[in-house]
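Asks: Would you mind keeping the following structure in view while I ask a few things?
The values are calculated or read from the model by the stated rules, or taken from the named source; none is laboratory data. Quick caveat: nothing in here was measured; it's all calculated off a predicted structure. Using ideal geometry, Cβ is built from the backbone for each residue, glycine included, and neighbour counts are taken over all protein chains shown. All accessible areas refer to the heavy atoms of the entire protein, side chains included, with ligands and DNA or RNA removed. Shrake-Rupley method; radii C 1.70, N 1.55, O 1.52, S 1.80 Å.
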Amino acid sequence: STLANPQHTYATSGTYQVTLVVQTPNGTDSVAQATSITVLPPLVANAGADISACFGDAIQLNASGGTQYSWFPPGGRSDPNIANPTLIANGNRDFVVTVTDQFGCEGQDTVSLQLLTSANTFGGPDLLIQFPNESVQLNGTGAATYSWSPSTGLSCTTCPNPMVYVDSTTTYTVTGTSVDGCTRSDMVTVTVAIVGLDNQLSDGTVLDPIYPNPVEDVLNVAYELGQAGEVSVELVSMTGRILSIVDNEWQDMGRHQLQWKDRNQLAAGMYFVRLRTARGVLVEKLILK
């Protein structure tokens, strides 16, 4: 080189003789110096293997190749300046790590995060039934497979829409799994109101209190129909089993009164009279002597 400050790239380590020759009008002079050159190996930055995860999973990045690390973008990680920060998977993203070794050499690598198909599990709205063991259907959606718990009163624990038969208020948890194995849970409560919350239906139908109560031999049932239609009057046990059909026919709007004498071998205890119409259900409690 004819430059005062030249540069040279050495391919291998070793001791090299460097000579400087200076020419002036008064003559030529030179100086030689043996210089030891160490050629460092290239830094290989490694951001780790690409990652597949479910939405909301906690994942850990795994970089190597140096002594110092800096991740970009820096947000969302436990510490962007360590080799193995953790983060919550919330979208498809690329993460770039800059790796520095003990000699100050730098390198970069990229790792990609790919979200798996999520399960948008929904157990359906909370439900209300007006009598113990009256059936109602749950409505799970948003997943490929389902698992319901507890199993109490369920016709099926692995189908999306099991039937429920319960005698007390129960909260069910459904865990849905997507085609990629991601899970998400939801809860639905089935509330059992042993006696109707209202004393009349929307059309004005009213079921009178049972008389006499307690009942020994003859049960009198009186009610007012707000509109004509199919009517069923049933005697039901505490577990929801229909013991006797007091009446089941088309009836005109207005006042009606029935008597029930078919006690047979029914034991003394608490029972219910249930009035069913197209508009809903009314229930009254009674005691058999």
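Asks: Out of all the residues in region 232-286, which are among the β-branched types (Val, Ile, Thr), in contact with a strand residue (DSSP E or B) (Cβ under 7 Å, 6 or more places away or on another chain) and touching a residue at least 40 places away in the same chain (Cβ under 8 Å)?
Replies: VAL233, VAL236, VAL273, THR277, VAL281, VAL283
Asks: I've got another one for you. Considering each of ASP109, ASP126 in turn, give the residue that is on the phi < 0 side of the Ramachandran plot, at pLDDT 90 or above and either surrounded by 19 or more Cβ atoms within 10 Å (Cβ to Cβ) or among the acidic types (Asp, Glu) (or both).
Replies: After applying the criteria, what remains is ASP109.
Asks: Can you pull out the residues in region 8-20 that are within 16 Å of GLN33 (Cα to Cα) and exposed (fewer than 10 other Cβ atoms within 10 Å of the Cβ)?
Replies: Within region 8-20, HIS8, THR15, GLN17, THR19 qualify.
Asks: Restricting attention to region 259-289, and to residues there that are of a type in the set (Lys, Arg) and not in a strand (DSSP E or B), which single residue is nearest to LEU243 (Cα to Cα)?
Replies: For region 259-289, the residue satisfying everything is ARG263.
Asks: Here is a further query. Against the condition touching a Ser or Thr at 6+ places or on another chain (Cβ under 7 Å), surrounded by 13 or more Cβ atoms within 10 Å (Cβ to Cβ) and over 30 Å from LEU43 (Cβ atoms), how does SER178 come out, does it pass?
Replies: Against the criterion (touching a Ser or Thr at 6+ places or on another chain (Cβ under 7 Å), surrounded by 13 or more Cβ atoms within 10 Å (Cβ to Cβ) and over 30 Å from LEU43 (Cβ atoms)), SER178 qualifies.
Asks: Is region 163-181 home to any residue that is part of a strand (DSSP E or B) and at positive phi?
Replies: Checked region 163-181: no residue is part of a strand (DSSP E or B) and at positive phi.
Asks: Restricting to region 184-203, and then to whatever is open to solvent by 30 Å² or more (accessible area, probe 1.4 Å) and within 26 Å of MET253 (Cα to Cα), can you tell me which residue is modelled with the lowest pLDDT?
Replies: The residue in question is LEU197.
Asks: Does region 222-234 include one or more residues that are within 30 Å of THR117 (Cα to Cα) and in a loop (DSSP other than H, G, I, E, B)?
Replies: no
Asks: Being among the charged types (D, E, K, R) and under 24 Å from GLY153 (Cα atoms) is the filter; apply it to region 231-282 and report the residue that is modelled with the lowest pLDDT.
Replies: Filtering region 231-282 for residues that are among the charged types (D, E, K, R) and under 24 Å from GLY153 (Cα atoms), the one modelled with the lowest pLDDT comes out as ARG241.
Asks: Now for a separate question. Does LEU207 meet the test of being in contact (Cβ under 8 Å) with a residue 60 or more places away in the chain, in contact with an Asp or Glu (Cβ under 7 Å, 6 or more places away or on another chain) and hydrophobic (A, V, I, L, M, F, W, C)?
Replies: So LEU207 passes the test.
Asks: Can you give me the number of residues within region 38-55 that are more than 16 Å from VAL97 (Cβ to Cβ) and loosely packed, with under 13 Cβ neighbours inside 10 Å?
Replies: The qualifying residues number 5.
Asks: May I pose another question? In region 58-82, what count of residues is obtained for those that are closer than 30 Å to VAL39 by Cα, in a loop (DSSP other than H, G, I, E, B) and open to solvent by 20 Å² or more (accessible area, probe 1.4 Å)?
Replies: Here the count works out to 6.
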